[in-house]
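Following: one structure in structure tokens, then a few remarks.
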Amino acid sequence: MSIVTVQLGQCGNQVGQELFEVISNDANDTQRKVYSECSSERFFNETANRELVARSVLIDMEPKVISQSIAKAAKFGKWRYGDRSHFSQKQGSGNNWANGYCVHGPRHEEVVMDIVRREVENCDRLAGIMAMMSVAGGTGSGVGTYVTQCLRDAYPNSFILNHLTWPYGTGEVIVQNYNSVLTLSHLYQLSDAILVHENDTVHKICAQLMNIKHISFSDVNKVIAHQLGSVLQPALTGDSHGVYNRNPIGELMSSLVCHPEYKLLSVCNIPQVSSSSMAYSMFTWPGLLKHLRQMLIANAKMEEGIDWQVRAPSLQPEGIERTRSHRRPGFNTSLANLLILRGKDVNNAEISGFQDPSLYTPWLPADEAFSMWKTPVPFNKYEKSAILVSNSQTLLRPLDNMVGKAWNMFASRAYIHQYTKFGISEEDFLDSFTSLEQVISSYNQL
């Protein structure tokens, strides 16, 4: 089954291009034929000339980034984008969600959806659609939200996964918190799941783990693409009977999204080292999984600087309900976790630490809350790697901060006129705040 990727705005197109590059590199190995064929079918359409064409649609309101993405893919030489799979205009959305959602989205809906429809019809079987965007600007967030709405209307029975890049907390755009609140509140009604990468977290990985001195957006995008690829590449699920999972998006949803109120997914992986250090690094499954479990418990986004003092709460005797007073300070409660192991001796990895009921909310049994995928095929040159996709309280603090900053601006009516002139009313803002406050409340109560 195949995934159609919709790349939206500058960030979505740049991350999407890096993702296809990672996947192409990983799948391009004749020694592992079944894995490679499964990966290629998932992400690429093979032409009569045996060219690999990405199952992707590129959308932006300015042509520059799309042209660069197409050129980089062509230069790379192992794959390319389709000749008619992109759409751009000459004028951007001015970092304004309302301009993207109310003006550019409706204006170009027909041509954009025609391109998507063509791409979907090229799939023998559609596993789902992944829309990739930033929440800070105007095109990725505004047009991206509108396109997601059109996708939901056109494909009501298909899985839709939104991959969002959250902006730096210090700010890239003055109204980024408005754009983020409007995007998230709308996507929560439309998407089956929302997988989030925070620029601040990825920047720290680049600096502290990858030892990059002058970090560019390209460096950040490569780390995001590596983590995304490690989730989406073929793996064996618990009930796949030795056959690679056919529908990664559907199986991701069934593993992690058990309730429509909880859709926010985060991802972390271990190890993550610079290419120059890889040859000198030795990793064992016990060491990797011990660190990854503590990263989950202590809400550490990377292995550097983990707080080892944080412990899971002790289970209450049967009949006594675990309440918030039983939680330990700093402990990150999970609703569901998916552990993906890739590489050598994967069948010998001891995973019982992730099946501990104390990690999870008391109203969901641990055996339903935890899932594992695995494959003996190493990923992206790492002999062993572990990836954790988590539906937990990880994103609670950054979401709360974002909503708080947006509310402070809204309370003083700062920049509101920039949105009302395109048709977004103050009531629309209030509805979005109410929607996200409910999400925050739900995750707080886990």
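Structure data summary
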item	result
Where His417, His241, His108, His259 fall by accessible area, highest first, once all protein chains stay in place (1.4 Å)	His241, His417, His259, His108
Highest average packing first - 393-406, 112-125, Cβ atoms within 10 Å	393-406, 112-125
Whole-number accessible area per residue in Å² for the range 181-224, which is evaluated in the context of all protein chains at 1.4 Å	38
Amide H within-cut-off set for Asn299, under 5 Å, with H built and near neighbours excluded	Asn332
Per-residue HN-Hα couplings for the range 3-17 [Karplus 6.51, -1.76, 1.60; θ = phi - 60°; Hz; x = Gly/Pro]	10, 9, 9, 10, 9, 10, x, 4, 5, x, 6, 6, 5, x, 5
Gyration tensor verdict on the range 2-266 (Cα atoms; rounded if a/c is under 1.5, prolate if a/b is larger than b/c, oblate otherwise)	rounded
Highest average packing first - 354-362, 43-51, Cβ atoms within 10 Å	354-362, 43-51
Length-normalised contact order of the chain in % [C-alpha pairs under 8 Å, at least 6 apart]	16
Heavy atoms of Tyr155 accessible to a 1.4 Å probe, total area in Å² rounded to 10	30
With eigenvalues of the C-alpha gyration tensor scaled by 5 and rooted, the chain, Å	32, 29, 20
Built amide H within the under 5 Å cut-off of Arg55, gap 5+	Phe44, Asn45
Highest-first arrangement of 138-145, 283-290, 375-382, where packing means the average Cβ count within 10 Å	138-145, 375-382, 283-290
Residues with amide H under 5 Å from that of Leu265, placed H, sequence gap 5 or more	Ile194, Leu195, Val196
Positive minus negative residues near Glu51 (Lys, Arg vs Asp, Glu; Cβ under 10 Å)	+2
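The values are calculated or read from the model by the stated rules, or taken from the named source; none is laboratory data. All values derive from a computational prediction rather than experimental measurement. Positions of Cβ are backbone-derived with ideal geometry, glycine not excepted, and every protein chain shown enters the neighbour counts. Just the protein is used for accessible areas: all its heavy atoms, side chains included, with ligands, DNA and RNA removed. Shrake-Rupley method; radii C 1.70, N 1.55, O 1.52, S 1.80 Å.
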